[in-house]
Amino acid sequence: YLRREARALDAAEERGRVMFFSERLHCAECHAGPLLSVAFPADSARPTYAEAFRNNGLYNLERGAVVYLSGERTRYPCPSIGIGEFTQDVQDDGKFRIPSLRNVAVTGPYMHDGSLATLSDVLDHYARGGTLIEEGPSRGDGREHPAKDPLVSGFELSGAERQDLLAFLSALTDTRFARSDFE
């Protein structure tokens, strides 16, 4: 598919591709281009950090669990708070570089901290519009993080649509590259 081979995708993968690039799901707003990431463009144009780093609603610490970074409250768990660690701007907490989806089916666990075990968990996260953690030190509703990207707004998928989207994501795997005997 990424080499533009006309028959690279089967029917389910093609339906998943259409959903992935639809305005309904907004996936391609962040995952576009040959590496399926706006953070790694194919041309020489460098993305702005606002384009390359986004908060996807993974965390939003509740009031009792917030920590302080340089005297300001952060709603993101340390030690990996995102680009905010470097900019020292609390509005950048939880913003991470958008990863490539190349070989995504074989690169789990997912997110910067490995907190989502499967691609199905990732779909749950985005379908909800952010992660809800009900107990523990990271409890909170990621949908409510003040710096969450508005494109992460949630969506609904039927069971068949979910399977088609997972099939498309799996089709992004270069099985030759992923084999341990690659030469």
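Since every read-out is calculated from the coordinates, none of them should be taken as a lab result. All figures in this text were calculated on a predicted structure; none of them were measured in a lab. Cβ placement follows ideal geometry from the backbone for every residue including glycine, while neighbour counts extend to all protein chains displayed.
Can you give the helix-only mean residue ellipticity at 222 nm for the chain, where every DSSP H stretch with n ≥ 4 adds -39500 (n - 2.57) and the sum goes over all residues, rounded to the nearest 500 deg cm²/dmol?
Values: 6 runs with 45 residues, N = 183.
After summing the helix terms and dividing by the residues of the chain, the value is -6500 deg cm²/dmol.
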Measuring from the longest principal axis of the C-alpha atoms of the chain, the long axis of helix 11-20 (C-alpha) lies at a number of degrees, nearest 10, equal to 30 degrees
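Kindly state, to the nearest 0.05, the FRET efficiency for A42 paired with S120, given R0 = 25 Å and r defined as their beta-carbon distance.
Computed FRET efficiency for A42 and S120 comes out at 0.25.
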For the chain, the longest principal axis of the Cα atoms and the Cα long axis of helix 159-171 enclose an angle in degrees, to the nearest 10, of 80 degrees
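Determine the gain in length on full extension of the stretch T87-V106; use 0.36 nm per residue of separation and subtract their C-alpha separation, reporting nm with one decimal.
On the way: separation 19, 0.36 × 19 = 6.84 nm, distance 3.20 nm.
Gain in length upon complete extension: 3.6 nm.
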Taking Cα atoms, the helix 119-128 axis meets the longest principal axis of the chain at an angle in degrees (rounded to 10) of 60 degrees
Stokes-Einstein D for the chain (10 °C, 1.306 mPa s, Kirkwood Rh from Cα pairs), in µm²/s, comes to 91 µm²/s
Distance in nm between E29 and E62 label points, each 7 Å along Cα→Cβ, equals 2.9 nm
